[in-house]
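To start, the structure under review is shown below, and the notes come after it.
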Amino acid sequence: MKTTKNALAVLLAAGGMMLLATAAMAAGADLGGAEKQATNWHAIIMFVIFVGMTLGITYWAAGRTKTAADFYAAGGGITGFQNGLAIAGDYMSAASFLGISALVYGSGYDGLIFSVGWLVGWPIILFLIAERLRNLGKYTFADVAGYRLARMPVRTFAATGSLIVVIFYLIGQMVGAGQLIKLLFGLDYLYAVIIVGALMMVYVTFGGMVATTWVQIIKACLLLGGATFIAFGVMNTFGFSFEALFAKAVEIHPKHAAIMGPGTLVSNPLDAISLGAALMFGTAGLPHILMRFFTVPDAKEARKSVFFATGFIGYFYILTFIIGFGAITLVSTNPEYIDAIKGGMNLKGGNNMAAVWLAHAIGGDLFLGFISAVAFATILAVVSGLTLAGASAISHDLYANVFMHGQATEGKEVTVSKIASICLGVVAVLLGMVFEKQNVAFIVALTFSVAASANFPVLVLSMFWSGLTTRGAVIGGIIGLVSSVLMVVLSKAVWVQSFGFQAEIFPYAYPAVFSIPAAFFFSWLFSVLDNSPRAAAERAAYEAQAIRSETGLGAEGAAAH
Amino acid sequence: MTKAQNLLSAEHIRNNPKFAELVRKRTSFAWTLSAIILVIYFGFIGLVAFDKPFLAAKLGAGVMTVGFPIGVGVILSAIILTGIYVYRANGEFDELNRQIIEESR
């Protein structure tokens, strides 16, 4: 471990210098991209402080990461409250902070529909999944799906599902990061993507889950604190009266009273339901979220963490709503923030800047810098969680359980995981470069749809239905996975807008309403039709699994080391 | 605990009527709450999909519409329902669970 620590100290120093150097270079090349803003020194200094702090934590965490349990699950030593904050930090992405406030800024009430959808998955996770997941699993959700089913096929499927979700999610985050940082910091897209990739590799490879958890906790506190301050500033301006805030917004906004009710965001009823299902059940199939439940010592703390996470995330979404309306009243009225060419309500740097310009309107340059740094930190925390989840799918599921048939040593497995983290970091940077010019808005819908259609049905059935067999789980899961991806590819967002074909083949925007039932149906069908002796043994093994999942008897505890 | 001890305990648990009670109570509680949140949420989505004017209707003399308290209400109900579940599961159910584990030794 000593060499690891020394290597990290060197990296820490080099990283700091690299950041400053990049910032200085970018300052010289200010006039480049049209969208690029002037170099924002407040933001850069605050971001460097954040990075310094997190690298310090990584250094400390590296000393505490000795076993596989430490690396994947922080030794199971995180409390429910801490894990609740970390989950919130893992889940509240820059897309939801900037994206939802921009949506509210542009069309008012529609933003709330997304906020609600992103929150209601949490009760479902708590009631049906969290404690059983904690009792049955060790490091990944494939532990649960593979508990009584055949190791090779189920692990391979679960790891593939995890990796696809992680990679799609990473694309969205990396492109978002590049665009955002270009705007907020005045840095080049490429530098931004490389900085994010490099930092996440350092956090994950050296500090594992301990460092990732603390990066997420710090980020959650910063984001919640910053958003609270902005919302407080807005409400203060309007004498803490929602009526006054809304009245002013209705008066100013070109859509007037239409912003107070649902608009054109979801025009087709089937799409509304499909999007709703994807958001709700997709949350319960995100591997980086599911993984967080292995960091707490027992089912009791796992439950508490969902309660705290739901509270923090719900509070945050209410804040983004106030922030969106605040931006209508305080930002759109100030020509300083309006795009000189496009005019109207179009903000400098795009409407995703609504929350950022509002921060400036309320707290000046220094606070603008703070919020910019928080947005960057947010992306780092999310990609770190994703990388760790992807790396554990590769090392714990594919390497240790599939290729080595469960015979890999702990040390080897962790090494493979670290190598996988570095590879994922490189892949993320490359994907960020490839997708730079693409509209990645559909990625979020795709990610949630795949998670809801592939991972969620298999996870739920393996926990609740004694009749599930390996054949059913794998075929049903693959059908959910393939059909959801296919339908998104054939939908307007990809087929017409990205590929440039004349007309879309799949008429709806979201596949979940078809692909989730398909996954459940075929899992059921192929399980019932499965008369193999293996299937009989798998059905018989359900009772023992139920005893462990209900009581926690024999569960992997914090006492693992 | 070794694997053999675990198997023995599992045998005890299977025959303990309290285990059946725990599973029955907790499962029905969890599915009831799940059904409640599903109805609340898809009720909301149903309004968005099929009855937008209802959500856009004015609540009083001002600009406030029916949709706001409903939307915020869905968010708050999610938080409250998780609170209710955690309260009962970490109290009543965990106590029952502790007894079952205790008696299985």
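The values are calculated or read from the model by the stated rules, or taken from the named source; none is laboratory data. Everything numeric in this text was worked out from a predicted model, so none of it was measured. Note: ideal-geometry Cβ built from the backbone for every residue, glycine included; neighbour counts use all protein chains shown.
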- [ ] Would you mind telling me which numbered condition in (1) part of a loop (DSSP other than H, G, I, E, B); (2) without any contact (Cβ under 8 Å) to a residue 24 or more places away in the chain A:Q438 fails?
- [x] (2)
- [ ] Could you list all residues from the stretch A:81-110 that are more than 20 Å from A:M201 (Cβ to Cβ) and modelled with pLDDT of 95 or more?
- [x] A:F81, A:Q82, A:N83, A:G84, A:L85, A:I87, A:A88
Open item on the list: Being touching a residue at least 60 places away in the same chain (Cβ under 8 Å) and more than 23 Å from the chain's Cα centre (by Cα) is true for just one of A:I338, A:I323, A:I328. Which residue is that?
Closed with: A:I328
- [ ] For residues that are of a type in the set (V, I, T) and surrounded by fewer than 24 Cβ atoms within 10 Å (Cβ to Cβ), scanning just the stretch A:154-174, find the one that is farthest from the chain's Cα centre (by Cα).
- [x] A:T156
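What about A:I100, is it more than 15 Å from A:V306 (Cβ to Cβ) and of a type outside the set (K, R)?
Numbers: more than 15 Å from A:V306 (Cβ to Cβ): yes; of a type outside the set (K, R): yes.
Taking the combined requirement at face value, the residue satisfies it.
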TODO: Output the number of residues of the stretch B:1-17 satisfying the condition of being among the basic types (K, R) and surrounded by 14 or more Cβ atoms within 10 Å (Cβ to Cβ).
DONE: 1
Task: Pair list, Cβ under 6 Å, 6 or more apart: the stretch A:341-353 residue on the phi > 0 side of the Ramachandran plot, other residue at pLDDT below 85 and assigned to a helix (DSSP H, G or I) - done: A:G349/A:L183
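State yes or no: is A:G285 of a type in the set (G, A, S) and over 23 Å from A:T237 (Cα atoms)? Don't jump to the end; show me each part of the working.
Values: of a type in the set (G, A, S): yes; over 23 Å from A:T237 (Cα atoms): yes.
Considered against the rule, which asks whether it is of a type in the set (G, A, S) and over 23 Å from A:T237 (Cα atoms), A:G285 comes out as yes.
Being at the interface with another protein chain (Cβ under 7 Å from one of its Cβ atoms) and under 18 Å from the mean Cα position of the chain (by Cα): is that true of B:A89 here? Break it down stepwise before answering.
On the way: at the interface with another protein chain (Cβ under 7 Å from one of its Cβ atoms): yes; under 18 Å from the mean Cα position of the chain (by Cα): yes.
So B:A89 fits the description; yes.
Does A:V175 fit the bill of being in contact (Cβ under 8 Å) with a residue 40 or more places away in the chain, farther than 30 Å from A:L461 by Cα, aliphatic (A, V, I, L, M) and part of a helix (DSSP H, G or I)? Step through it out loud before you land on a result.
Values: in contact (Cβ under 8 Å) with a residue 40 or more places away in the chain: yes; farther than 30 Å from A:L461 by Cα: yes; aliphatic (A, V, I, L, M): yes; part of a helix (DSSP H, G or I): yes.
Judged against the criteria, A:V175 is a match.
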Task: Exclusive hit being surrounded by 20 or more Cβ atoms within 10 Å (Cβ to Cβ) and either within 14 Å of chain B (Cβ to nearest Cβ) or among the hydrophobic types (A, V, I, L, M, F, W, C) (or both), set A:M260, A:M235 - done: A:M260
Open item on the list: A:F246 - would you say it is more than 17 Å from the chain's Cα centre (by Cα) and over 24 Å from A:T447 (Cβ atoms)?
Closed with: yes
Task: Odd one out for B:T65 among (1) more than 8 Å from chain A (Cβ to nearest Cβ); (2) among the hydroxyl-bearing types (S, T, Y); (3) touching a strand residue (DSSP E or B) at 6+ places or on another chain (Cβ under 8 Å) - done: (1)
Task: Failed criterion for A:F246 (all others in (1) facing chain B (nearest Cβ under 9 Å); (2) under 27 Å from B:L81 (Cα atoms) hold) - done: (2)
- [ ] Answer yes or no: is there a residue in the stretch A:177-200 that is under 21 Å from the mean Cα position of the chain (by Cα), at pLDDT below 90, of a type outside the set (A, V, I, L, M, F, W, C) and within 23 Å of A:N455 (Cα to Cα).
- [x] no
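Determine which member of the set A:T283, A:T295, A:T310 is away from chain B (no Cβ under 14 Å) and within 30 Å of A:A391 (Cβ to Cβ).
On the way: A:T283 fails: away from chain B (no Cβ under 14 Å); A:T310 fails: away from chain B (no Cβ under 14 Å).
None of the others qualify; the one that does is A:T295.
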TODO: Could you pull out the residue among A:R132, A:R155, A:R148 that is over 30 Å from B:I75 (Cα atoms) and within 14 Å of chain B (Cβ to nearest Cβ)?
DONE: A:R148
Task: Of all residues in the stretch A:203-232 being surrounded by 24 or more Cβ atoms within 10 Å (Cβ to Cβ) and of a type in the set (V, I, T), the one that is farthest from the chain's Cα centre (by Cα) - done: A:I230
Task: helices (runs of 4 or more DSSP H) within the stretch A:236-336 that include 1 or more residues modelled with pLDDT under 95 and over 30 Å from A:S515 (Cβ atoms) - done: A:242-252, A:299-330
TODO: Among the numbered conditions (1) within 18 Å of the chain's Cα centre (by Cα); (2) buried (at least 24 other Cβ atoms within 10 Å of the Cβ); (3) part of a helix (DSSP H, G or I); (4) more than 11 Å from chain B (Cβ to nearest Cβ), tell me where A:T140 comes up short.
DONE: (3)
TODO: Return yes when A:L119 is within 14 Å of chain B (Cβ to nearest Cβ), surrounded by 24 or more Cβ atoms within 10 Å (Cβ to Cβ) and under 21 Å from the mean Cα position of the chain (by Cα) and no when it is not.
DONE: yes
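Kindly indicate the residue of the stretch B:36-57 that is at the interface with chain A (Cβ under 7 Å from one of its Cβ atoms) and within 18 Å of the chain's Cα centre (by Cα) and also surrounded by the most Cβ atoms within 10 Å (Cβ to Cβ) among those meeting that condition. I'd like the intermediate steps shown before the answer.
Looking only at the stretch B:36-57, we keep the residues that are at the interface with chain A (Cβ under 7 Å from one of its Cβ atoms), and these are B:37, B:41-42, B:44-45, B:48-50, B:52, B:55-56.
Restricting the remaining residues to those that are within 18 Å of the chain's Cα centre (by Cα) gives B:37, B:41-42.
On the way: B:I37: 22, B:Y41: 24, B:F42: 17.
This residue is B:Y41.
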- [ ] Sort through B:I101, B:I79 and tell me the only one that's part of a helix (DSSP H, G or I), over 16 Å from A:L119 (Cα atoms) and at the interface with another protein chain (Cβ under 7 Å from one of its Cβ atoms).
- [x] B:I101
